[in-house]
Amino acid sequence: LPVRDPIVLAKEIATIDYLCNGRMLPAFGLGLKNEKEWQAVGRTSAHRAGMTDEAVALMRRLWSEDQVTHEGQFYNTHELTIQPKPLQQPIPVWFGGRTQAAYNRVARSGDGFLGAYQTPADCGQAVCAIREAAETYERQVPEDHYGTIVPFHLGDEDISQEVEALVKRFPKIPFDAYAAWRTPDALLRRIDDYVEAGVTKFVMRPMATGAALYEQFERLAKVAVPRYHE
């Protein structure tokens, strides 16, 4: 979120929500500590937490109010209105992250949690941490609003490059502990592991590109829909 303009982003999210009849579900992260990414947008990661908190508060006002005037540390608006407004009122905001500060943010001002490349055990710890923090803020995150991103691949195709890229990106997290690949049984067991840990929403991300990406979704549907869809 901090690498984006919250005013433009609020407009984009509101328009998508309007066009899709209220099915938009934004999930925000604070961005990686990759200075090249921050340099590309002319910003620094030094205040990314504060920028995120202020941006979300501003966007929520823009989604529900007209003539929004905001004078903050990072953003300023004067009598600003965006149209169309999102159909969802309020529109839900989910956060990611893997630190206690991130879990506190979900508990304090989020509507859900979306982990990424975390093991089922780590996701379970996140769910527990968010529940405990939410009690402190006298809030409750709905039990079906805990999610994670799961990279997957079904089949015998060579995906060594994709695996290598993920291992390089997350060297401290065992790849086999969070990915779902090779066989349908392995994929279903991985999903069940996350469900047992308290995860209820899944973003399944194919380890593929081009036409193979769509083929992976077709294989996933044949395996997962009969098992989980009611």
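Yes or no: the range 4-16 includes at least one residue that is of a type outside the set (Phe, Trp, Tyr), open to solvent by 30 Å² or more (accessible area, probe 1.4 Å), at pLDDT 90 or above and in a loop (DSSP other than H, G, I, E, B). Within the range 4-16 (the criterion being of a type outside the set (Phe, Trp, Tyr), open to solvent by 30 Å² or more (accessible area, probe 1.4 Å), at pLDDT 90 or above and in a loop (DSSP other than H, G, I, E, B)), the answer is yes, since at least one residue qualifies. Count of the range 49-104 residues, restricted to those that are among the basic types (Lys, Arg) and in contact with a strand residue (DSSP E or B) (Cβ under 8 Å, 6 or more places away or on another chain), is 2.
Only residues that are in a helix (DSSP H, G or I) and touching a residue at least 40 places away in the same chain (Cβ under 8 Å): list them for the range 58-79, please. Answer for the range 58-79, where residues must be in a helix (DSSP H, G or I) and touching a residue at least 40 places away in the same chain (Cβ under 8 Å): Leu58, Met59, Leu62, Trp63.
From the list Ala102, Ala49, exactly one residue is in contact with a Leu (Cβ under 7 Å, 6 or more places away or on another chain) and small (Gly, Ala, Ser). Which is it?
Values: Ala102 fails: in contact with a Leu (Cβ under 7 Å, 6 or more places away or on another chain).
Only one candidate qualifies: Ala49.
Residues in the range 87-130 that are in a helix (DSSP H, G or I) and surrounded by fewer than 18 Cβ atoms within 10 Å (Cβ to Cβ): Gln100, Ala101, Arg108, Ser109, Ala121, Asp122, Gln125, Cys128.
Determine if the range 55-63 includes at least one residue that is at pLDDT 95 or above, under 18 Å from the mean Cα position of the chain (by Cα), charged (D, E, K, R) and in the same structural domain as Asp192 (by the TED database). Before you say what the answer is, go through the steps one by one.
The initial filter retains those residues of the range 55-63 that are at pLDDT 95 or above, namely 55-63.
Those still in the list that are under 18 Å from the mean Cα position of the chain (by Cα) too: 55-57, 59-60.
Cutting the leftovers down to charged (D, E, K, R) gives us 60.
Right, trim to in the same structural domain as Asp192 (by the TED database) and you get none.
Taking every residue of the range 55-63 in turn, none turns out to be at pLDDT 95 or above, under 18 Å from the mean Cα position of the chain (by Cα), charged (D, E, K, R) and in the same structural domain as Asp192 (by the TED database).
Only a single item in (1) surrounded by fewer than 14 Cβ atoms within 10 Å (Cβ to Cβ); (2) within 21 Å of the chain's Cα centre (by Cα) is not met by Thr183, and it is number (2).
Assess whether Ile91 counts as being without any contact (Cβ under 8 Å) to a residue 12 or more places away in the chain and within 21 Å of the chain's Cα centre (by Cα). No: the conditions fail for Ile91. Within the range 189-222, how many residues turn out to be of a type in the set (Val, Ile, Thr), more than 20 Å from Asp176 (Cα to Cα) and open to solvent by less than 70 Å² (accessible area, probe 1.4 Å)? Of the residues in that region, 1 qualify. For first residues located in the range 38-50 and in contact (Cβ under 8 Å) with a residue 24 or more places away in the chain and open to solvent by less than 70 Å² (accessible area, probe 1.4 Å), partners that are among the small types (Gly, Ala, Ser) and not in a loop (DSSP other than H, G, I, E, B) and lie 6+ apart or on another chain with Cβ distances below 8 Å form the pairs Trp38/Ser45; Ala49/Ala101.
The values are calculated or read from the model by the stated rules, or taken from the named source; none is laboratory data. Here the structure is a predicted model, which is why all the values come from computation and not from measurement. Cβ atoms come from the backbone with ideal geometry, glycine included; neighbour counts cover every protein chain shown. Ligands, DNA and RNA are stripped out before the accessible areas are found, and what is left, the full protein with its side chains, is counted by its heavy atoms. Shrake-Rupley method; radii C 1.70, N 1.55, O 1.52, S 1.80 Å.
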